[in-house]
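Working notes for the structure below.
The values are calculated or read from the model by the stated rules, or taken from the named source; none is laboratory data. Computed from a predicted model, the values in this text were never measured in an experiment. Quick reminder, even Gly has a Cβ in these numbers, built from the backbone with ideal geometry, and neighbours come from all protein chains shown.
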Amino acid sequence: MVRIKLEHISMRFGDFYAVRDINLEINSGEYVTILGPSGCGKTSLIKVISGIWTPTEGKVYFDGLDVTKVPMEDRDVGYVFQNIALFPHMTLKENVAYSPRVKDQGEEAMESLSTEYLQLVNMLARAGMYPRELSGGEQQKVAIARALASGSKMLMLDEPLSALDARVRMELRYEIRRLVKKLGITVLHVTHDQEEAMSVSDRIVLMRYGTIAEAGSPLDIYRKPSSVFAANFIGETNLMECTVSDRSKSGKTKVKLRGGREIRTSKTNFSVGDPVVISVRPEHVYPAIDGLEAEVQSIVFMGTYWRVRTLAESRDYVEYNVPADEEVPEVGDTVHLVFNKKAVVVFARPQGGIEEEIRLE
């Protein structure tokens, strides 16, 4: 297991910064997902950490040692690419044994390691098969086994599941987490899939424009995001512009929506009159006898629930969920909505407005 520390890491190509001034510490044995929209610098960052690229600025430390200029082959890093990279002319066993062979570890080590890691990914029974005879998910399992057989103390996963079918992705992401936790390996997993990041990570590092927008546990980022961008990117939420209308000494806050409706929120440090944005997720919005008036615009069946989209009296679109076995309103109906005040998160209103703040590119 390896502890990773990044100090002021930047990666520049001409005048363009793929990564800019990144400071990050990753604990030994931690499973960290680097999440963000396309082009935000996720892959550039793990290429710097793994040694594929040397940063333009900054230092990379493994267990306190400066490895900034140490080549990848000397960093004990296993790298699994988005596009499955197996030698097509080799059997699965020969693929997994490739690194021990290159390191001249001997026939006994090659046999032992290839058997051990194929068994870990439940592919030992197919050891004599060729990659073309496997499904995409099975090939990716073998690619992971090959990375681990190199003796890696760290595993870099560069969107390893994006080319797979949805069901296979779901099964394999849990299998990967189970495997690396069993081995105690430090993992950096790059993805743009929020659900994938939420389900496997000890910690999520959310990137935007080459910098870290936010970092924290999946639960903390989901429940208590520190920015409008994070609230919108991770999961789904309703964002509404409003103004603080009341705040008690204990921090209990009320905000006024456009149109004059007041609602209660979680405790804040804002002052009366401050322009703010509230975030409330669809599962914390409920139809009631009285509340924010809204007209139903659309209803979509999501499998276990109905997603109801409304246009509220405040001119905001507000979505909420109805369990699949319950009655749903019809398009055009008027409903009244209330929010769970403990789940309403309040942010300072961005100067450029909500749309600019949540823009992905």
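Quick notes on this structure:
- Leading residue by the ranking (modelled with the highest pLDDT) among those in region 115-170 that are closer than 21 Å to Gln194 by Cβ and assigned to a loop (DSSP other than H, G, I, E, B): Glu159
- Qualifying position, being assigned by TED's automatic domain parsing to the domain that holds Ala147, at pLDDT 95 or above and within 19 Å of Lys153 (Cβ to Cβ), among Val32, Val70, Val102: Val32
- Pick from region 316-347, criterion aromatic (Phe, Trp, Tyr) and surrounded by 20 or more Cβ atoms within 10 Å (Cβ to Cβ), ranking: farthest from Tyr286 (Cα to Cα): Phe347
- Considered as a group, the residues in region 169-199 that are of a type in the set (Lys, Arg) and surrounded by fewer than 22 Cβ atoms within 10 Å (Cβ to Cβ) include one that is farthest from Leu148 (Cα to Cα), and that residue is Arg169.
- From the list Asp202, Asp246, the lone residue that is in contact (Cβ under 8 Å) with a residue 40 or more places away in the chain, surrounded by fewer than 17 Cβ atoms within 10 Å (Cβ to Cβ) and in contact with a strand residue (DSSP E or B) (Cβ under 7 Å, 6 or more places away or on another chain) is Asp202.
- Flag for Glu175 being of a type in the set (Asp, Glu), in a helix (DSSP H, G or I) and without any contact (Cβ under 8 Å) to a residue 40 or more places away in the chain: no
- Evaluation of Glu313 against (1) crowded, with 16+ Cβ neighbours inside 10 Å; (2) closer than 25 Å to Pro225 by Cα; (3) in contact (Cβ under 8 Å) with a residue 40 or more places away in the chain (one fails), failing number: (2)
- The set of residues in region 48-74 being assigned to a helix (DSSP H, G or I) and touching a residue at least 60 places away in the same chain (Cβ under 8 Å) consists of Ile49, Ser50.
- Filtered by the rule that a residue be more than 19 Å from Ile4 (Cα to Cα) and in contact with an Asp or Glu (Cβ under 8 Å, 6 or more places away or on another chain), region 151-167 gives Leu161, Ser162.
- Condition check for Val308: surrounded by fewer than 19 Cβ atoms within 10 Å (Cβ to Cβ), part of a strand (DSSP E or B) and under 30 Å from the mean Cα position of the chain (by Cα): no
- Region 127-146, residues that are in contact with a helix residue (DSSP H, G or I) (Cβ under 6 Å, 6 or more places away or on another chain) and of a type in the set (Lys, Arg): Arg146
- Within region 229-241, the residues that satisfy the criterion of being within 17 Å of His284 (Cβ to Cβ) and touching a residue at least 60 places away in the same chain (Cβ under 8 Å) are Ala231, Asn232, Ile234, Glu236, Asn238, Leu239, Met240.
- Filter pass, Arg203 being farther than 25 Å from Gln351 by Cβ, touching an Asp or Glu at 6+ places or on another chain (Cβ under 8 Å) and either at pLDDT 95 or above or outside the structural domain of Lys181 (by TED's automatic domain parsing) (or both): yes
- Entirely in region 220-303, the strands (runs of 3 or more DSSP E) that have 3 or more residues that are more than 23 Å from Gly353 (Cα to Cα): 285-301
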